[in-house]
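One structure below.
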Amino acid sequence: MKNNLSRRIRASVVSLAMAAAMVPAYAAPVNAVSPSPVLPLSATVGVSQTMKVDSVYEGTIPESGAKSVTFTLDTSYAGQSFSYGFGVSTAESPYWLELDKSGKWVDGSEAEGSACKLDKASSTITIDLSKAGAKPGGKFEFRCYYSAHWDNSKGDMVDNSVKLTGVEFGGGSSSSSGSSSSGSTTSKNAKSGSWSFKDNKDGTATISSTVTKQLDDLDYELTIGYDEDYYEKKGVTAEEGDPINSHKFKYSDFGVPEGDGVTIESLYVVVEADYDVDKFMYGCGTNVKMGSPSDTEYAKRDIIEGKDNAGYWYNEMGADSREEFEDAGVEFGLKEIGEGTTLEGAGKYIECIWDVPAEVQKDQTHNSYDSIGFQFWYGTKDASKYTEITSSDPVTITSAALTYTVTRTVPYTGSVKKSQSATLDCTASSDSKKNFEVAYEDLGVESDMKVYAVRFDVSASKDVKKLVFGTGTGTTDASDKYWYQEPVNSVILDAGKKSEIMWIMPDEVVGKEAADNIVNPDGNVVFGYYYGESDTISVDNVEVYYYLPETTTTTTTTTTTTTTTTAPVQNIKYGDTNCDSKVELADAILIMQALANPDKYGETGTYEKHLTKPGKVNGDVDKGTEGLTSNDALFIQEFLLRKRASLEPEK
């Protein structure tokens, strides 16, 4: 059990700074060190011991035995890096086992330490003893191999200590050496259901709403060992039906609006298996602006073989992988790159969540063709036997939800709010019992008002973990049967007993200018309750946010006629020449048509879908030449081919 501690510490300092690496960083064998005084422990013990490099806390398992032990650690730093080892006496040979980084119980000469990240203030590390054969009344050791935090002023990791404040024996959980625990659906980014409103006092308001869109009944099989690089090396592209360890969800699948003012917060994925999964490791990625600091693939160009055209993508990667790339000369633009997430004791129904890092959010793109990806990296079936999941044991994505925040500045005059007393039953067979439908007129909306947002206040008699709902509104568009329905259901995770749901009307119905708003104030608005832990919920209040255009006033005298109007301000969406809220090849084609045949396709053209004044402004993306030219069409095509990172003018 004895070994060279300094060797272990040096190895730990190199690469155990982050939790949940795809390929955990190497640490030298974990062995016993000089013992501290033995402290008899009851089921729950409050302690106060400083844990720094070389510190050991030694105790005894209760005489009645224990299935788990939980250590409570306090730190002053968010994201504190901490690596540890744990050993325990066993009733049978070899009479002492160490917890390996893989979750396997092994002889002390073989074990490697585990790495994790601690939250500011209090964090816990729980270790499953049930498969170790821990001896009742036997000794255990909890050791600190590495403890440090990132110091911005020094641009480096700085050694420090944490405080061990409690030890508790219980049952059930596995070691939390990863960055998340099994079954966790908690995101640290903005939560679905949060919203804000600000009256700018200039005839506009800025509204933000965080929503979650859910996709159910999915069937995406993930096969470990087959990633995109595997197929690239073979010179082929994976086709539908080929084994693959990942799946990319298009933002259009979730109905994410294009344009500015959208922030992707988190991805939630449900993975199911036909067998109990002990350890489940996954990583995520997303489209980003080409060449931006977050573009981890672009950084590999001209350095890594096969990556000559790589780009537009941020990928989490294991610590070892990043070290290999950097040793080869790759210079990543971010100091910190996600190293994936490890779930312990995952089971057959595995809930995974990924928060998009703040630095990546700045560079993220979310056009209809952009994606967010989920990758299955590694797994085990049985920690005691160290049975790795192989390509013959695929798992399946059955559900996914994307949380994002929409922020819009819209024309604003005021709002009207009315109390309601409607009960909705998600188990009812009749849509009328699931849906709350009310006329705008009954809410106090007048026929000349332009509706831009509606808020529904709902409540339930008990906590609702997942509230699934849909929204719709009457419109003046005959081609769409005078109705708009959100294409993907919305979800509020951890809704509780009360929720305020802010629905910001999409660009399809409010347009770019007030005159383009097709929400019908003489129509109805609908809120539908489709699923929740409470069979029924109540709609308590509805508030409608509107804009009342200034009327044109005409003053006539014998000699003078004065007309006063207020012109709306256009929100420019560069490249969207046909004003359909998307940038597509059709926008480039419209420019060329308008240039070739202005009488038909120009600003005053006879064709139904001719160039409009707002479209002309949107399409002028080549600021080197005033007005629309063939260069504008070329710029749009280059953007669609990803030869341009953006169509917006340089600032």
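Just so you know, all these numbers are worked out from the coordinates, no wet-lab data involved. Quantities reported herein were computed from a predicted structural model and do not represent experimental measurements. Note: ideal-geometry Cβ built from the backbone for every residue, glycine included; neighbour counts use all protein chains shown.
Of note:
- For segment 206-288, projected area of the alpha-carbon convex hull averaged over all directions, nm²: 7.9
- In order along segment 470-479, the Karplus-derived 3J(HN,Hα) couplings, from 6.51 cos²θ - 1.76 cosθ + 1.60 at θ = phi - 60°, round to x, 9, x, 8, x, 10, 9, 8, 5, 5 Hz, and Gly and Pro are given as x.
- Links that overshoot a 19 Å alpha carbon limit, given the list Lys250/Lys289; Lys418/Lys462; Lys117/Lys191; Lys188/Lys279: Lys418/Lys462; Lys117/Lys191; Lys188/Lys279
- For the chain, the convex hull drawn through the C-alpha positions has a volume of 209 cubic angstrom per residue.
- Legend: ranking of residues Leu218, Leu611 from fewest to most surrounding C-beta atoms inside 10 Å; resulting order Leu218, Leu611.
- Exposure proxy shown here: for Met290, Met505, the number of other Cβ atoms within 10 Å sets the order, fewest to most, as Met290, Met505.
- Theoretical ellipticity at 222 nm over the chain - DSSP helices of four or more residues, -39500 (n - 2.57) apiece, nearest 500: -3000 deg cm²/dmol
- DSSP H segments from the chain that extend 15 Å or more along their own axis, Cα-based, with Kyte-Doolittle mean of 1.6 or above: 585-596
- Under the combined filter of DSSP loop state and at most 10 neighbouring Cβ atoms within 10 Å, segment 80-138 retains these GluC sites (Glu not before Pro): Glu92.
- Sorted largest first, extent of segment 413-547 alpha carbons per principal axis (Å): 43, 29, 23
- For segment 578-631: rounded, prolate or oblate by the Cα gyration tensor [a/c cutoff 1.5]: oblate
- Filtered trypsin sites (Lys or Arg not before Pro), segment 318-376: DSSP coil and at most 14 other beta carbons within 10 Å: Lys335
- Only one residue of Gly615, Gly225, Ala148 has its Cα farthest out toward the positive end of the dipole of the chain, where Lys and Arg carry +1 and Asp and Glu -1 on Cβ, and that residue is Ala148.
- The alpha carbon gyration tensor of segment 38-138 gives principal lengths a ≥ b ≥ c with a/c of 1.5 or higher and a/b no greater than b/c, which makes the shape oblate.
- Greater than 28 Å apart at Cα, pairs in Lys104/Lys335; Lys213/Lys434; Lys67/Lys381; Lys52/Lys348; Lys67/Lys348: Lys104/Lys335; Lys52/Lys348
- Under the shape rule built on the C-alpha gyration tensor, where the axes satisfy a ≥ b ≥ c, segment 195-408 is oblate, since a/c reaches at least 1.5 while a/b does not exceed b/c.
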